[in-house]
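A.B. asks: Shown below is the structure under consideration.
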């Protein structure tokens, strides 16, 4: 992505009757990523499956014994779209054979070799949805009918989309550290503003971004959401300008100075002395 190799996660939705399937790529396996991927697929196919069967509950819930406790975001999501949910049992491969094969098919046909020249994963995800048309022209391996024709029967069983799309976002109050940064997922830091040092800040968490909100609910700053095991620091130094104006002496050590053009960061030039002239 933009010349950098990144490890991403992909969500695959399979329709066993027609053997059609759809895939979306995200940075992680969080509830925001799963719900956003499902929303994208629902809107593309023009309806909502009445029943969703999950192979892996990661991101949408946690299994404690025989019980699965859904995340609040996913509970609101499925209530909005009016679909029922079931979860496969651990180590029960017979319950999920179709989707297991679909996951392998997607990996071999969409991600081998490694996709390159990806500049925007939103655009890439839209392209992935369109790629299903190629697969849909194939003949079903057992029924001898085009997958596209069988999927029309799947489509006829879908529920209608709600009049308004679900906003895939959860809100949390997070306490900023001494530098005015909030931490998400234990290792990813996002700047707010220095005045928020050691104070709680309301944050809107999406699949692809993190919005830091002002007291009136408007967005103070929006960061690209980071994933992965390594610590990251996302800074938007525009939020420090007010503090910098009150204390101009901090310009030399400020983060915004390191990002400014050399013309602004260079020190004052010393006037050159003219050489003496002989009489």
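Throughout, read-outs are computed from the coordinates displayed, never taken from laboratory work. Everything numeric in this text was worked out from a predicted model, so none of it was measured. Here the Cβ positions follow ideal geometry from the backbone for every residue, glycine too, while neighbour counts run over all protein chains shown.
A.B. asks: To make sure I understand, if each residue's beta carbon is the centre and we count other beta carbons within 10 Å, what order do 11, 150, 51 fall in, fewest to most?
C.D. replies: Details: 11 23, 150 19, 51 9.
Lowest to highest Cβ neighbour count: 51, 150, 11.
A.B. asks: Can you sort 154, 133, 177 by how many other beta carbons sit within 10 Å, fewest first?
C.D. replies: Ranking 154, 133, 177 by Cβ neighbours within 10 Å, fewest first, gives 133, 177, 154.
A.B. asks: Separate question: What would the Debye formula give as log10 I(q)/I(0) at q = 0.09 Å⁻¹ for the alpha-carbon point model of segment 9-156, no solvent?
C.D. replies: Per q value, in the given order, log10 I(q)/I(0) is -0.29.
A.B. asks: What is the fewest-to-most order of 205, 53 by other Cβ atoms lying within 10 Å of their Cβ? Don't skip to the end; give the middle numbers.
C.D. replies: Details: 205 20, 53 16.
Listing 205, 53 from fewest to most nearby Cβ atoms yields 53, 205.
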